[in-house]
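This report refers to the structure that appears directly beneath it.
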Amino acid sequence: MSGRDWRVPVLTYHASTVGGPGYAGNDHVAFASDLATATRLGWRIVPLQWVVEQRLGLAERDLARCLALSCDDGTVLDVRDVEYPGQGLQPSLLTLLEAQPGQPDRHLTCFVIACAQARARMDRDCLHGLDWMGEDWWAPELAGGRVGIGNHSWDHNHPVMHEPGPGGMPRGDFHVVDDEPRADFEIRQAADYLAARLGPGACPLFAYPYGHAPDFLVRDWFPRHGASLGLQAAFGTQGGAVGAGSDPWHLPRYVCGLHWSSPEQFEDLLAGLA
Ligand SMILES: [Zn+2]
């Protein structure tokens, strides 16, 4: 498969989803199972960046039977094994990826939240207050070559930020990022923060919080400003595989727990794409 026919599923996990020892409700268990399933069925893991380069015509690789991996919200559970309160030791997604044999191009893109205050509040209010949302791992993991760091906005417009955003922007929703000041606040500010820490152009991919992709951003703001911010593409969570006809500013992803919740459903998902 090459040229116009290629399509690649992008899978999304949340390493902070640790609700028990089983596949449903624990994204570490699901991730390990899914990697084994994909490898057994002859799927090749490739960097998310390759998918974007293919879509933009910057590369033409053979992406037949390939998939790409991403995870959202940026906790240390992405890359470090952590003793989870009440749930035991959780091997990080990176540990599980490193352990997967026969996948020379294996790679994981972690979409992180830029604002330190927002991360501190989420760590306290939504996790366990164990300092899981620091940023000290971003640069070394990026340098390590198995991990990409992506932009998941300034503060996720998360309800832990009690104060309204620009122009009275209500929290808890990303559809409301629908004008210039709000886009600057949520996206430009995050891009600048990541560039200052990781280098210009080091984080060319964006993922919409909650998968909410406002028309203003998809059709207007990103096409005008994306390139100048070092951004090449933006990902939603609308399901479907990325292909030649996908909108670069609203590329689809499949989300674990939303689009599939068992090894059988995962296998069915892949079978539908092969
Ligand atoms: Zn998120």
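The values are calculated or read from the model by the stated rules, or taken from the named source; none is laboratory data. Quantities reported herein were computed from a predicted structural model and do not represent experimental measurements. Cβ: placed from backbone, ideal geometry, glycine included. Neighbour counts: every protein chain shown.
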Residue 78: modelled with pLDDT of 95 or more and closer than 19 Å to residue 10 by Cβ, yes or no? yes
Among 131, 136, the single one that is more than 16 Å from the ligand (Cβ to nearest atom), within 17 Å of residue 195 (Cα to Cα) and at pLDDT 95 or above is 136
Selection over region 100-124 where residues are more than 15 Å from the ligand (Cβ to nearest atom) and not in a loop (DSSP other than H, G, I, E, B) yields a count of 5
Residue 213 passes all but one of the listed conditions (1) in a loop (DSSP other than H, G, I, E, B); (2) within 16 Å of the ligand (Cβ to nearest atom); (3) more than 15 Å from the chain's Cα centre (by Cα); the exception is number (3)
Note: among 104, 159, just one is without any contact (Cβ under 8 Å) to a residue 40 or more places away in the chain and under 23 Å from residue 255 (Cβ atoms), namely 159
Flagged pairs (Cβ under 6 angstrom, 6 or more apart or on separate chains; first in region 203-228, under 25 Å from residue 139 (Cα atoms); second modelled with pLDDT of 95 or more and part of a helix (DSSP H, G or I)) are 203/194
Taking region 1-33 and keeping residues more than 20 Å from residue 102 (Cα to Cα), away from the ligand (no atom under 16 Å from the Cβ), part of a helix (DSSP H, G or I) and of a type outside the set (Lys, Arg) leaves 3, 5
Taking region 139-156 and keeping residues free of Cβ contacts under 8 Å to residues at least 12 places away in the same chain and buried (at least 18 other Cβ atoms within 10 Å of the Cβ) leaves none
Of (1) of a type in the set (D, E, K, R); (2) buried (at least 20 other Cβ atoms within 10 Å of the Cβ); (3) within 19 Å of residue 262 (Cβ to Cβ), residue 72 fails just (3)
Screening 230, 245, 199, 236 for residues that are within 17 Å of residue 69 (Cβ to Cβ) and modelled with pLDDT of 95 or more leaves only 236
Being away from the ligand (no atom under 15 Å from the Cβ), surrounded by fewer than 16 Cβ atoms within 10 Å (Cβ to Cβ), part of a helix (DSSP H, G or I) and modelled with pLDDT of 95 or more narrows 182, 224 down to just 224
The residue that is surrounded by the fewest Cβ atoms within 10 Å (Cβ to Cβ), considering only those in region 251-265 that are assigned to a loop (DSSP other than H, G, I, E, B) and of a type outside the set (S, T, N, Q), is 258
Within region 149-178, residues being part of a loop (DSSP other than H, G, I, E, B), closer than 19 Å to residue 233 by Cα and away from the ligand (no atom under 12 Å from the Cβ) number 4
Within region 34-46, identify whether any single residue is on the phi > 0 side of the Ramachandran plot and either part of a strand (DSSP E or B) or in contact (Cβ under 8 Å) with a residue 12 or more places away in the chain (or both), and answer yes or no.
yes
In the set 173, 268, the lone residue that is surrounded by fewer than 19 Cβ atoms within 10 Å (Cβ to Cβ), out of contact with any strand residue (DSSP E or B) (no Cβ under 6 Å at 6 or more places or on another chain) and farther than 27 Å from residue 31 by Cβ is 173
